[in-house]
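Since the structure comes first, as structure tokens, the remarks are kept for the end.
Derivation of every value follows stated rules applied to the coordinates shown; laboratory data play no part. Note that this is a predicted model, so its numbers are computed, not measured. Backbone-built Cβ (ideal geometry, glycine too); neighbour counts: all protein chains shown.
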Amino acid sequence: MYKYRLMAPGPTPIPAEVANIMANPIRHHRTPGFEEVVKEVKVGLKWLYQTQNEVILFSSSGSGAMEASLVNVSSPGDRVLVINGGKFGERFGKIAKAHQLEADIIDVTWGHGVSPSVIQEKLEQNEYRAVCVQASETSSAVEHPIKEIADIVKKYDQTVLIVDAITALGVINLPVDEWQIDFMIGGSQKALMLPPGLATISVSEKAWGLIDKATCPRFYFDLLAEKKAIQKNTTAWTPAVSLVVGLKEVLKIMQDEGLPQMLERHAKMASSIRNAAQAIGLKLLSPEAPSTAVTAIYSPEGIDSGKIVAGLRNHFNMTIANGQDDYKGKIFRIGHLGYYDMLDMATVWSAVEKQLSELGYQFELGKGVAEIIKNL
């Protein structure tokens, strides 16, 4: 028997102390006690985001927060610039079109980061209400150069930068105020170590000024209503109460570890998996701009990556992720964001090597694991 191990890029494991707190009898959301929870969560989120901006809580998936960011700052017919380097960049484009926005798409080959000069050229040619980009594109395991993009966008008074940091928040350094990021989005089921269902958005003063003038319809995702509520330590609508209570505990865990230490832990886990893969002759999908949250690895020639994913599930009770779209069957993805440590990396890679050996891939068994052991 093997105990269940979740090693995908989301959802991710939940610490026992967080799960236990969420299992307590539920609080009513319109009480002083819950308002005190929200107050503490606000402080913790500002610490994590490295911002003095308001951080809004939405009871939704991260996709809901992506939609909220776009519709609150835009009016029908506005032009937005979308960096599409994977499934979630593609999603920004779909959201824009659903709200009658003109979406100009910069298509980036999966496994590569966007070139900031291309964004600069686009902004010189057209007026855009928003530039939309992933800090960490989960489907292709790429990090886009957010600081360089922010340095460009901040020069344009009528253009905001919307950063999907759902798999980057708490994983890589994204100082919102220092870099002048207008919207930054987080999701509970990633490095925030919670079940799915809660999204967070930081909103800059520049963005609030444009929100006041925007006319895209919104109701549940009305950021002005949520701003008014969060300033009173509450939410406009019934929140995911247990998740907010859990988030309070998560932020305490993060602060106890320390932000630099947490970021270093993630960087170390990511590099260990990349080194292990390359040690046994496997190629990375994104060697030049690799994500710190998830690693995408090409399956050996002649082996469908789905067999690796299924093998870990059936033989070791372990979940990793297959590729998506054109990369399904070609790559497998290992998550290393949130409640993981280096021993988890050694465990998942041991299972990967064993399954590859069973599938007929010729390599020195244990060579990749040894790379991880060096860094324990």
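Which shape class, rounded, prolate or oblate, goes with region 3-113 when its Cα gyration tensor gives a ≥ b ≥ c as root eigenvalues, a/c under 1.5 marks rounded, and past that a/b bigger than b/c marks prolate?
On the way: a/c = 2.50, a/b = 1.53, b/c = 1.63.
Oblate.
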| task | Taking the dipole about the Cα centre of the chain, with the C-beta of Lys and Arg at +1 and of Asp and Glu at -1, give me whichever of 270, 223, 11 is farthest to the positive side. | result | 11
| Each label point is 7 Å from the Cα along the Cα-to-Cβ direction; what then is the distance between the points at residue 155 and residue 255, in nm? | 3.9
| query | If one computes the Cα centroid of region 8-41 and of region 210-258, what distance in Å separates the two points? | reply | 14
| said: Here is the link list: 190/268; 283/367; 46/190; 155/190. Which ones come out longer than 20 Å on Cα distance? | reply: 155/190
| remark: Cα extents of region 197-326 per principal axis, largest first, Å, are 55, 38, 32
| When the chain is treated as a GNM, springs tying every alpha-carbon pair under 10 Å, which of 74, 305, 117 comes out with the largest mean-square fluctuation? | 117
| query | So which aspartates and glutamates pass the test for residue 248, namely a Cα distance under 13 Å, with those fewer than 8 places away in the same chain ruled out? | reply | 17, 35, 36, 40, 256
| Distance from the Cα centre of region 124-176 to that of region 276-290, in angstrom? | 25
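Are any of the pairs 147/307; 3/42; 330/354 more than 27 Å apart by Cα-Cα distance, and if so, which?
Where the Cα-Cα span goes over 27 Å, the pairs concerned are 147/307; 3/42.
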| field | Charge sum, other residues only, whose C-beta stays under 11 Å from residue 206's C-beta, Lys/Arg counted +1 and Asp/Glu -1 | value | -2
| field | Theoretical FRET efficiency, 1/(1+(r/R0)^6), r = Cβ-Cβ of residue 124 and residue 212, R0 30 Å, to 0.05 | value | 0.65
| query | What do the square roots of 5 times the Cα gyration tensor eigenvalues come to for region 236-312, in whole Å, largest first, as semi-axes of the equivalent ellipsoid? | reply | 34, 19, 11
| note | Checked against the positive end of the charge dipole of the chain (+1 on Cβ of Lys and Arg, -1 on Cβ of Asp and Glu, about the Cα centre), the farthest of 197, 343, 21 is 21
| message | Which of rounded, prolate or oblate describes region 52-115 when judged by the alpha-carbon gyration tensor and an a/c cut-off of 1.5? | response | oblate
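First measure r as the distance between the Cβ atoms of residue 100 and residue 178, then evaluate 1/(1 + (r/R0)^6) with R0 = 30 Å and state the FRET efficiency to the nearest 0.05. Write down the numbers at each step before the final one.
Working: r = 34 Å, r/R0 = 1.15.
Efficiency, rounded to the nearest 0.05: 0.30.
Which value, in debye to the nearest 20, describes the size of the charge dipole of region 16-256 about its Cα centre when Lys and Arg Cβ atoms bear +1, Asp and Glu Cβ atoms bear -1, and nothing else is charged? Numbers along the way, then the final one.
Details: 24 positive and 29 negative charges, 139 e Å.
Charge dipole, region 16-256, about its Cα centre: 660 debye, nearest 20.
How much net charge surrounds residue 52 when only other residues with a Cβ under 10 Å from its Cβ are counted (Lys, Arg +1; Asp, Glu -1)?
On the way: positive: 46; negative: 54, 177, 205.
It works out to a net charge of -2.
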| task | Report the paramagnetic label zone for residue 35: residues of region 239-255 whose backbone N is under 17 Å from a point 7 Å from Cα along the Cα-to-Cβ axis. | result | 239
| task | Springs between alpha-carbon atoms under 10 Å, Gaussian network over the chain: tell me which of 118, 80, 38 tops the mean-square fluctuations. | result | 118
| note | If 193, 1, 318 are placed from fewest to most neighbouring beta carbons inside 10 Å, the sequence is 1, 318, 193
| query | Based on the Kirkwood radius over alpha-carbon pairs, what is the Stokes-Einstein translational diffusion coefficient of the chain at 4 °C with 1.567 mPa s viscosity, in µm²/s? | reply | 61
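Fewest first, what order do 299, 63 take by the number of other Cβ atoms within 10 Å? Could you put the intermediate results ahead of the total?
On the way: 299 24, 63 18.
Ordered by Cβ neighbours within 10 Å, fewest first: 63, 299.
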| query | Hey, if you put +1 on the Cβ of every Lys and Arg and -1 on every Asp and Glu Cβ in region 16-256, which of 125, 160, 110 ends up farthest toward the positive end of that dipole? | reply | 160
